[in-house]
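Structure first, then comments.
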Amino acid sequence: MISTAKRLEGIGEYYFSTKLREIDALNSQGKQIINLGIGSPDMPPHPDVIKTLQEESAKPNVHAYQNYKGSPILRKAIAEWYKRWYDVTLHPDTEILPLIGSKEGIMHICMTYINEGDNVYVPNPGYPTYSSAAKLAGGNIVSYALEEKNNWLPDFEALKQTIIHKDGRSALFFVNYPHMPTGQLASKEFFEKLIAFAKENNLLIIHDNPYSFILNDNPMSILSIEGAKEVALELNSLSKSQNMAGWRLGMLCGAKERIDEVLKFKSNMDSGMFLPVQLAAAKALSLNKDWYDSVNNIYRQRREKVFELLELLQCNFSKSQAGMFVWAAIPPTYSDGYALSDEVLYNANVFITPGGIFGKAGDKYIRVSLCCTEEKIQESIERVKASLNRKN
Ligand SMILES: Cc1ncc(COP(=O)(O)O)c(C=O)c1O
């Protein structure tokens, strides 16, 4: 009899992994489900990025194992990108670690800093990987509530009571603004408060920042706050803003000591990334404002349609959310977001993510992705209208 490790206890398969199987089964019955669930950009990267990959991969000398710390060309491009858009100075040799996506970076960080039973602070609602990676590393999850009445920002006074350090060790504290799933932005003042809070409470802040360029005019890095490198690391990604989710490219930025600590773990896990992919990523990071504007113009138009869909469903929502989703409160006629999501899936053949998968605090919400064409969103509106007419 084969036994799995204890660390897998209490870890379920990723929600979307099982849900997509259910959607596939419905599609195989001819349902043609429109998927407004997952945040995977449906548009391609800039043509110059693809051209770089094609040209570089045709060369004979690019197929070997690569540097564990990433190509110097990519690290330099990341440093320039951080300077240009966030006004943050990073040393390309010591303060940047390219990643195979920020999701893997979350795991590396957890394995680097968590001892069995250490408290790890994660937002509720929040990206589910923070909890699952921390649990796999042996951490004790302390979820901190984000509430609409506090603009989805943590309540520092309430939080203070929950901070417990095992053996006087620092504790990990995950944060993510623009926040997924609520689309909430954070101000510079908030980040300043957070850095001060981390210093007072011996926390290592992990700021996850993949959405700063999507429907947001003012991209911000936590590392732009004075003294941030002493207590914070930042994860970033090319998945969303460069339309490169499937390419698997992310980065970790912060103090040299932290980067060296994480590299100690990561260099034992993988053997670098395909060089042409890294060079194409460097190209993507050099793109001008026109690129971000073109992507955002499309998301903005889609978002108008999504607002229409949500009004039809009698949901309440803010129109000033950042990122590639719209987060909305469900009407009181539904017990929770799962009930609304199932009704729309089974009666209108449209999939919308229930907010509860991001934590208990998301139970009364749903999240609609903008990674679907305007035509498909319009068709979703027609389908939902027809299903509501049948219901009434
Ligand atoms: C908040 C957040 N962090 C990280 C990720 C993972 O991004 P990557 O593709 O860089 O692994 C996602 C992807 O959905 C996300 O929503």
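The values are calculated or read from the model by the stated rules, or taken from the named source; none is laboratory data. Not measured: the values here are computed from a predicted model. We place every Cβ from the backbone using ideal geometry, glycine too, and count neighbours over all the protein chains shown. With ligands, DNA and RNA removed, areas are computed over all heavy atoms of the protein, side chains included. Shrake-Rupley method; radii C 1.70, N 1.55, O 1.52, S 1.80 Å.
Some points to look at:
- Taking 0.36 nm per residue of separation and subtracting the Cα-Cα distance, full extension of the segment from residue 386 to residue 4 would add 132.8 nm.
- Expressed as a whole percent, the accessible area of the range 306-357 that falls on carbon and sulfur atoms is 47 (1.4 Å probe).
- Average silhouette area of the range 252-335, convex hull of alpha-carbon atoms, in square nanometres: 10.0 nm²
- Across the cross-link table entries 83/319; 193/360; 103/240, which are compared at the Cα atoms, the separations over 22 Å belong to 83/319; 193/360.
- Kirkwood hydrodynamic radius of the range 95-187, from inverse mean 1/r over distinct Cα pairs, in Å: 14.0 Å
- Residues of the range 297-334 with amide N under 20 Å of the 7 Å Cα→Cβ point at residue 50: 297-299
- Neighbour-limited loop hits for chymotrypsin sites (Phe, Trp or Tyr not before Pro), the range 43-148 (at most 13 other Cβ within 10 Å; DSSP other than H, G, I, E, B): 65
- Accessible surface for the range 297-392, divided over its residues, is 43 Å² per residue with a 1.4 Å probe.
- Reported value for the chain: 165 Å³ per residue, from the convex hull of its C-alpha atoms.
- Fully extended contour minus Cα-Cα distance, from residue 339 to residue 188, at 0.36 nm per residue: 50.6 nm
- Accessible area per residue for the range 34-170 is 48 Å², calculated with a 1.4 Å probe on protein heavy atoms, without ligands, DNA or RNA.
- Part-to-part distance (alpha-carbon centres) for the range 143-194 and the range 96-135, which is given in Å: 15 Å
- With a Förster radius of 30 Å applied to the beta-carbon distance between residue 289 and residue 93, the computed FRET efficiency rounds to 0.60.
- Accessible surface of the range 68-192 [probe 1.4 Å, protein heavy atoms]: carbon and sulfur percent: 51 percent
- Counted charge near residue 154, where neighbours are those whose Cβ lies closer than 12 Å (Asp, Glu -1; Lys, Arg +1): -1
- Pairwise label distance in nanometres, residue 308 with residue 145, each label 7 Å out on the Cα-Cβ vector: 3.8 nm
- Rounded to the nearest 20, the Cβ-based charge dipole of the chain about its Cα centre (Lys and Arg +1, Asp and Glu -1) stands at 400 debye.
- For residue 35, nonlocal amide neighbours, meaning residues 5 or more places apart or on other chains whose placed amide H falls under 5 Å from its own, are 351.
- Shown is the FRET efficiency for residue 169 and residue 260, computed with R0 = 22 Å from the Cβ-Cβ distance and rounded to the nearest 0.05: 0.75.
- Residue-count net charge about residue 353 - beta-carbon cut-off 11 Å; Lys, Arg +1, Asp, Glu -1: +2
- Residues in the range 177-277 average 34 Å² of solvent-accessible surface per residue, probe 1.4 Å, ligands and nucleic acids excluded.
- For the range 12-82, applying the loop criterion from DSSP together with a ceiling of 16 other beta carbons within 10 Å to the GluC sites (Glu not before Pro) yields 13.
- Cα centroids of the range 1-71 and the range 287-325: 24 Å apart.
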